[in-house]
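The values are calculated or read from the model by the stated rules, or taken from the named source; none is laboratory data. Source: prediction; values computed, not measured. All Cβ positions, even for glycine, are placed from backbone atoms using ideal geometry, and neighbour counts span all protein chains on display.
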Amino acid sequence: MKSLTDFDILEIPSETYDAVVVGSGAAGLTCGIALSEIGLNVCLLTKSTPEESSTNLAQGGIAVALPKEDSPDLHFNDTLKAGAGLVKPKMARILVEEGVKRVIDLIKMGAQFETDSRGLLKFTKEAAHSVARIVYYKDKTGEEVERTLLENYRGKIVEGAQTRELLVKNNRCYGVLALVNGKLKAFYAPVVAIATGGAAGLYLKNTNPPTSTGDGIGIALRYGATLQDLEFVQFHPTAFCDESGCFLISEAVRGEGAVLIDKHGRRFMGDYHHLWELAPRDVVTRAVESQKRITGGEVYLDFRPIEERGIDIEERFPTIVRKLKEKGLNPKKDPIPITPVAHYYIGGIKVDSFGRTSIEGLFAVGEASCTGVHGANRLASNSLLECLVFGNRVAYGMYRDWRYLRLDFQEIRITGRGAPPKNSQVYSLEDVKQVMWENVGIVRSAESLTKAIDRLSEIASSSSPWQVRNGALLGLAIAVSAMRREESRGGHYRSDFPYEREEFRKHSEFTITDLERLL
Ligand SMILES: Cc1cc2nc3c(=O)[nH]c(=O)nc-3n(C[C@H](O)[C@H](O)[C@H](O)COP(=O)(O)OP(=O)(O)OC[C@H]3O[C@@H](n4cnc5c(N)ncnc54)[C@H](O)[C@@H]3O)c2cc1C
């Protein structure tokens, strides 16, 4: 299966650039800015408005080894520890060392972070960090990052351009096909970067914007790219959910002193981990679920200890407090009911340290990629840093390859024939999300994954719209990967294999051929 779209390239309007970047979050914009600075003619495609992205929603901040009691070595060790044996050391070194310069660059571009009375950066703490090393701007760091990067990007942006297919021949990428204003358009370039963000939006309960449906990862899978560590999804322990959806309550809230209590008002995290509320995310997530089961009631996040430390929560967390107040809740007085939800996609398109994928001319960056810096579980606030660090490196990698890769318009005469549906059923994205949440969620088992694989194969081969089939295909790849990993590690927990197993202390790889039997 390659194309999900019928097209004949000769009948489609086209534009040609030196480089195409798909996605306008921190990864795509950082890459786009660097490419423009090098002098390349860049076109950045984005599915919705430029600012709609996970980046824009990030609350907590950016982890960086800048405090005087910190060092890249310490940051490296914390990253390794959180990643449960699967962090790629070379990549993590790049992250923590180049990260310092990239955050300083961001400040030079105009990003505001909180400072003390002397104008020195303030740092906050999040789970599994041994020191307070997170730079932040109120509880809307992501908005500040997105604003700064958008203001500094000088290339072209096409809004409302949903990339649907890659133009690939003989394992060489020549551009993308996107739906713009309801019409297909080809964007040719010798080098293309996928920066389409993660896939947590494929789960019913999640913190992500509606754009995070793993589009770029699903597309790359269809065109033969090698994917990595697909089974690892990070669930965040503290979201507020009601019938209208979920929103994140940042870990920085616990970093500033908020505690988790059960329905009896008892602080229970000490039963599960010596770091209490600041234990790794997967531990807190499962502890919350377990405490709910044991007590038969809700688990709450109590903000009041923050105020007891003399911090005004309305000033420190204005967005969270406002959103809670809109729901009729007052965190100054009442503990807030919370629930774990899908938050961050650890797996993705396998890349080298310059973002190269297994397809020539195709690069990936940000949450859509898998560099291996997060291992089996991401250290909080390392992801924006990854976008900044690898966004720059990928631009350099693209430039290096652009110098010898040329567009060959004879080769580009590509015709796509949509993979024929095997059944006439039409599903919605909600169907995919329901299957993922119920069967490929916080706790998985061979039984739940078998159900998911059956159902997602059916949806992926149905007559459903592009978005649903592309999402179902990636969901299927996640479920198969989760089935193969017969252990529990980091963000992947199997009730039938509840421990780490040494023989699985390795990265998993996945290509479309792994799905042949199922489609
Ligand atoms: C609520 C929340 C809070 C977070 N808090 C933090 C934090 O405090 N610190 C931290 O480090 N990380 C945090 N994260 C994670 C971090 O924000 C993301 O990992 C990071 O921003 C990802 O950046 P990105 O550029 O890879 O993807 P995104 O920012 O998601 O951008 C993806 C872009 O791709 C576009 N796109 C998607 N599909 C297509 C398509 N088919 N065609 C064209 N365009 C497409 C989207 O519209 C979007 O512009 C948080 C995430 C969330 C959701």
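Residue by residue, here is whether (1) more than 12 Å from TYR345 (Cα to Cα); (2) more than 15 Å from the ligand (Cβ to nearest atom); (3) under 15 Å from the mean Cα position of the chain (by Cα); (4) assigned to a loop (DSSP other than H, G, I, E, B) holds:
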residue: GLY197; (1), (2), (3), (4): no, no, yes, yes
residue: ASN208; (1), (2), (3), (4): no, no, yes, yes
residue: THR211; (1), (2), (3), (4): yes, no, yes, yes
residue: LEU221; (1), (2), (3), (4): yes, no, no, no
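Is one or more of the residues making up segment 412-420 without any contact (Cβ under 8 Å) to a residue 60 or more places away in the chain, more than 16 Å from the ligand (Cβ to nearest atom) and surrounded by 15 or more Cβ atoms within 10 Å (Cβ to Cβ)?
Scanning segment 412-420, I find no residue that is without any contact (Cβ under 8 Å) to a residue 60 or more places away in the chain, more than 16 Å from the ligand (Cβ to nearest atom) and surrounded by 15 or more Cβ atoms within 10 Å (Cβ to Cβ), so the answer is no.
Looking only at segment 28-49, which residues are more than 7 Å from the ligand (Cβ to nearest atom) and either at pLDDT below 95 or assigned to a loop (DSSP other than H, G, I, E, B) (or both)?
GLY39, LEU40, ASN41, THR49 - these are the residues of segment 28-49 that are more than 7 Å from the ligand (Cβ to nearest atom) and either at pLDDT below 95 or assigned to a loop (DSSP other than H, G, I, E, B) (or both).
Quick one: which strands (runs of 3 or more DSSP E) sit completely within segment 125-190 and have at least 2 residues that are over 19 Å from the mean Cα position of the chain (by Cα), more than 12 Å from the ligand (Cβ to nearest atom) and not basic (Lys, Arg)?
Qualifying strands (runs of 3 or more DSSP E): 161-169, 172-180, 183-188.
Please determine, by comparing only the residues of segment 70-96 that are in contact (Cβ under 8 Å) with a residue 12 or more places away in the chain and outside any helix (DSSP H, G or I), which one is farthest from the chain's Cα centre (by Cα).
Applying the filter and picking the extreme gives ASP70.
Taking segment 363-393 as the region of interest, how many residues are among the hydrophobic types (A, V, I, L, M, F, W, C), within 11 Å of the ligand (Cβ to nearest atom) and part of a helix (DSSP H, G or I)?
Residues in segment 363-393 being among the hydrophobic types (A, V, I, L, M, F, W, C), within 11 Å of the ligand (Cβ to nearest atom) and part of a helix (DSSP H, G or I): 6 in total.
Just one of ARG222, ARG154 is touching a Ser or Thr at 6+ places or on another chain (Cβ under 6 Å) and farther than 27 Å from PHE247 by Cβ; which is it?
ARG154 is the lone residue from the list that is touching a Ser or Thr at 6+ places or on another chain (Cβ under 6 Å) and farther than 27 Å from PHE247 by Cβ.
Test of understanding: among VAL389, VAL426, which residue is at negative phi and either without any contact (Cβ under 8 Å) to a residue 12 or more places away in the chain or within 25 Å of the chain's Cα centre (by Cα) (or both)?
Going through VAL389, VAL426 in turn, the sole match is VAL389.
Hand me the list of helices (runs of 4 or more DSSP H) wholly inside segment 265-362 holding 1 or more residues that are under 26 Å from PRO498 (Cα atoms).
Helices (runs of 4 or more DSSP H) meeting the threshold: 281-295.
Of the numbered conditions (1) surrounded by fewer than 24 Cβ atoms within 10 Å (Cβ to Cβ); (2) within 22 Å of the chain's Cα centre (by Cα), ILE62 satisfies every one except a single condition; which is it?
In the conditions (1) surrounded by fewer than 24 Cβ atoms within 10 Å (Cβ to Cβ); (2) within 22 Å of the chain's Cα centre (by Cα), ILE62 misses (1) alone.
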